[in-house]
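Just so it is clear, none of the values below were taken in a lab; they were calculated from the coordinates. These numbers come from a predicted model, not from an experiment. Using ideal geometry, Cβ is built from the backbone for each residue, glycine included, and neighbour counts are taken over all protein chains shown.
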Amino acid sequence: MAKIAYFIGNWKMNHGISEARSYFERFLPEISKVDLSRKVVGIAPPFTSLAFARKLTEGSPVKLCAQNACFAEKGAYTGEVSPLMLKELGVEYVILGHSERRHIFGETNELIKKRVKGVYQAGLTPILCVGETLEERRLGNTFLVVSEQLKQGLSELEKVEEGRLIIAYEPVWAIGTGVNATPEQAEEVHSFLRDLLASMYGKELAQAIPILYGGSVTPENIADLIKEPNVDGVLVGGASLDPEKFLKIVSVAI
Ligand code: PGA
């Protein structure tokens, strides 16, 4: 079966509304020229740019994504954003458990699993991020760390329907460093994650859950990464901030 490849741009805390406007003015006319018959393209702007991005991307093939979401639908959760509010805006995918959430803001597997459940229940698709630090890799604990993050992150989901879950493998040492995992390193972990998903949900469903790679993806390394059989797409930080670079990544032959 021909694969569907996912290209999700994570703007992190970049591009407020005026920058978002000039980004989409350059990005949207070009993206409509790319053959997207087997590709999904999404962008995760910061919360404050979401509504504006929604207006600009309406009617375009670009899917709107968020960078986090609360586990609850509403209530006394200062500083959080509800998955229902995101849904109302037209958001389809939500990045959860990103390493910056885990390492800078102290988010634990305990919290992330609640977020995954809340997002899933709201009808949005969680993009659950997992990945080891350099130290964990050096100690030979990569599989242990990612399997804990995956199992715990998904532990509150009673069931998973096809098309309703995405996993992103993002080795912490590769994020924002310019040092990407080699295609072989990525494939090794992706196939491990695929087997783990198969043990949880059966082979058929595991095959249908996209596993994205993230960490210093560029127009130069995308072609080799996407060739790997278990790399179903990429989560792109730095290179997604430049519309021309992100377009080059999205335009890769699959
Ligand atoms: P990067 O970030 O592409 O800048 O390494 C990836 C990510 O954090 O999702």
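Scan segment 213-224 residue by residue and report those that are assigned to a loop (DSSP other than H, G, I, E, B) and either within 9 Å of the ligand (Cβ to nearest atom) or closer than 21 Å to Thr125 by Cβ (or both). Steps first, answer last, please.
Taking segment 213-224 first, the residues assigned to a loop (DSSP other than H, G, I, E, B) are 215-221.
Residues satisfying the conditions are Gly215, Ser216, Val217, Thr218.
Is it the case that segment 202-212 has a residue that's assigned to a strand (DSSP E or B) and either more than 10 Å from the ligand (Cβ to nearest atom) or within 16 Å of Ile127 (Cβ to Cβ) (or both)? Yes: segment 202-212 contains one or more residues that are assigned to a strand (DSSP E or B) and either more than 10 Å from the ligand (Cβ to nearest atom) or within 16 Å of Ile127 (Cβ to Cβ) (or both).
Look at segment 145-156: where a residue is over 13 Å from Ser199 (Cα atoms) and a partner is of a type in the set (Asp, Glu), sitting 6+ places away or on another chain with Cβ atoms under 6 Å, you get Val145/Glu132; Val145/Glu136. If a residue must be near the ligand (Cβ under 10 Å from one of its atoms) and assigned to a strand (DSSP E or B), how many such residues does segment 155-179 contain? Here the count works out to 1.
The set of residues from segment 229-246 being surrounded by fewer than 19 Cβ atoms within 10 Å (Cβ to Cβ) and either among the hydrophobic types (A, V, I, L, M, F, W, C) or not in a helix (DSSP H, G or I) (or both) comprises Pro229, Leu241, Asp242. In segment 77-90, the residues that are outside any helix (DSSP H, G or I) reach residues that are of a type in the set (Asp, Glu) with C-beta atoms within less than 7 angstrom, at least six apart or across chains, in these pairs: Ser82/Glu73.
For segment 102-121, does any single residue satisfy the condition of being among the basic types (Lys, Arg) and crowded, with 22+ Cβ neighbours inside 10 Å? Give the steps one after another, and end with the answer.
Filtering segment 102-121 down to residues among the basic types (Lys, Arg) leaves 102, 113-115, 117.
Filter once more, keeping what is crowded, with 22+ Cβ neighbours inside 10 Å: 113, 115.
Looking for residues that are among the basic types (Lys, Arg) and crowded, with 22+ Cβ neighbours inside 10 Å, one finds at least one in segment 102-121, hence yes.
Just one of the listed residues (Lys227, Lys245) is within 12 Å of the ligand (Cβ to nearest atom), among the charged types (D, E, K, R) and under 29 Å from Tyr23 (Cβ atoms), namely Lys245. Among the criteria (1) touching a helix residue (DSSP H, G or I) at 6+ places or on another chain (Cβ under 7 Å); (2) within 16 Å of the ligand (Cβ to nearest atom); (3) under 25 Å from Ala69 (Cα atoms), the one Pro183 does not fulfil is (3).
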